[in-house]
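The values are calculated or read from the model by the stated rules, or taken from the named source; none is laboratory data. Treat the numbers as computed from the prediction; the structure is a model and nothing was measured. Ideal geometry is used to build each Cβ from the backbone, glycine not excepted, and the neighbour counts take in all protein chains shown.
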Amino acid sequence: MSDVDRGVLVLLATAGSAAFVALQFVSAPYGRHVRPGWGPTIPQWLGWMLMESPAVWMVAGVALSGPDGQTPGALALLALWQLHYVHRTFVYPLRQRTPMRPMPAVVAGLAFVFNVLNGLANGRQLGWSGGYDAAWLHDPRFVVGVLVFLAGEALNHHADATLLNLRRPGESGYRIPYGGAFRWVSCPNYLGELVAWTGWAIASWSPAGVMFLVFTAANLVPRAAQNHQWYRATFSEYPTERRALLPFVW
């Protein structure tokens, strides 16, 4: 591992730790938690596209420019990554039923910086590690990781579709979601992301993949707790048996 790679991972670890601590005291001001006092805002769909876009072009550009970026294993891993992020960057925002909902520009900016650093770390892993030749496609770590990743993606997409379909076009209010994994947890979309990036960490078997998973958990676990509390405070009829993120546990 080069000094550049170590430096980027240290930055990600520092940012993840800071985010986890901060989110114990304040909810990130977007979505149902948006509120005044966070500076200029932009439409949420635009914020999503801007902040997620580095995950598409940074990883691809860095990986494919490396000496090992076009090996079969690296290309397969890159395809998995793009499967998630092309949808998250370009498809998901345009499916929003309330496209003009505001997002503080500072939130999009901070997420943009994270995705640049994370894209650099994982792109270098794919393009410069030399560990993903054709034999990697048959390695049990890759096979298991891909299956876990796809299971997480399926859960995430199903949960997102359920939430998106709660509103009619133009509606801006919130309702209680039902069906699928919402029977057990308030945030199956977050659970799906955590499962997917667990699969990525296994399939890539890399420090960058593990660090991304840790950062994702540092962000989504507190967010899930805040969403769960919001649902329970907002809806008196909210199902009492639901947990925040882990079925039957928490």
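Restricting attention to segment 120-152, which residues are aromatic (Phe, Trp, Tyr) and either in a helix (DSSP H, G or I) or touching a strand residue (DSSP E or B) at 6+ places or on another chain (Cβ under 8 Å) (or both)?
Trp128, Trp136, Phe142, Phe149
Within segment 110-132, count every residue that is surrounded by fewer than 23 Cβ atoms within 10 Å (Cβ to Cβ) and either at pLDDT 95 or above or closer than 17 Å to Phe215 by Cα (or both).
Matching residues across segment 110-132 total 9.
Cβ-Cβ distance below 7 Å, separation of 6 or more or different chains: which pairs start in segment 230-249 with a residue that is touching a residue at least 24 places away in the same chain (Cβ under 8 Å) and end on one that is surrounded by fewer than 11 Cβ atoms within 10 Å (Cβ to Cβ)?
If the second residue must be surrounded by fewer than 11 Cβ atoms within 10 Å (Cβ to Cβ), the pairs left are Arg243/Val249.
Looking at Ala15, Ala22, can you tell me which residue is of a type in the set (A, V, I, L, M, F, W, C), free of Cβ contacts under 8 Å to residues at least 24 places away in the same chain and either touching a helix residue (DSSP H, G or I) at 6+ places or on another chain (Cβ under 6 Å) or within 20 Å of Leu213 (Cα to Cα) (or both)?
Criteria check complete, one pass: Ala22.
Of everything in segment 18-41 that's surrounded by fewer than 16 Cβ atoms within 10 Å (Cβ to Cβ) and aliphatic (A, V, I, L, M), which residue is farthest from Phe114 (Cα to Cα)?
So the residue we want is Val26.
Exactly one condition in (1) assigned to a loop (DSSP other than H, G, I, E, B); (2) out of contact with any Phe, Trp or Tyr (no Cβ under 8 Å at 6 or more places or on another chain); (3) more than 17 Å from Trp81 (Cα to Cα) is not met by Gly7; state its number.
Status for Gly7: all satisfied but (1).
Looking at segment 145-182 only, could you name the residues that are more than 22 Å from Thr89 (Cβ to Cβ) and either touching a His at 6+ places or on another chain (Cβ under 7 Å) or without any contact (Cβ under 8 Å) to a residue 40 or more places away in the chain (or both)?
Leu166, Gly173, Arg175, Pro177, Tyr178, Gly179, Gly180
Do we have Ala15 as in a helix (DSSP H, G or I), of a type in the set (A, V, I, L, M), surrounded by 14 or more Cβ atoms within 10 Å (Cβ to Cβ) and at pLDDT below 95 here? First the steps, then the outcome.
Values: in a helix (DSSP H, G or I): yes; of a type in the set (A, V, I, L, M): yes; surrounded by 14 or more Cβ atoms within 10 Å (Cβ to Cβ): yes; at pLDDT below 95: yes.
For Ala15, the condition - in a helix (DSSP H, G or I), of a type in the set (A, V, I, L, M), surrounded by 14 or more Cβ atoms within 10 Å (Cβ to Cβ) and at pLDDT below 95 - is met.
Considering segment 167-184 alone, what residues qualify as being aliphatic (A, V, I, L, M) and either exposed (fewer than 14 other Cβ atoms within 10 Å of the Cβ) or at pLDDT below 90 (or both)?
Hits for segment 167-184: nothing passes.
Any idea which residue in segment 156-166 is surrounded by the most Cβ atoms within 10 Å (Cβ to Cβ), counting only those that are within 13 Å of the chain's Cα centre (by Cα) and within 15 Å of Ala224 (Cβ to Cβ)?
If we take residues in segment 156-166 being within 13 Å of the chain's Cα centre (by Cα) and within 15 Å of Ala224 (Cβ to Cβ), then Asn156 is surrounded by the most Cβ atoms within 10 Å (Cβ to Cβ).
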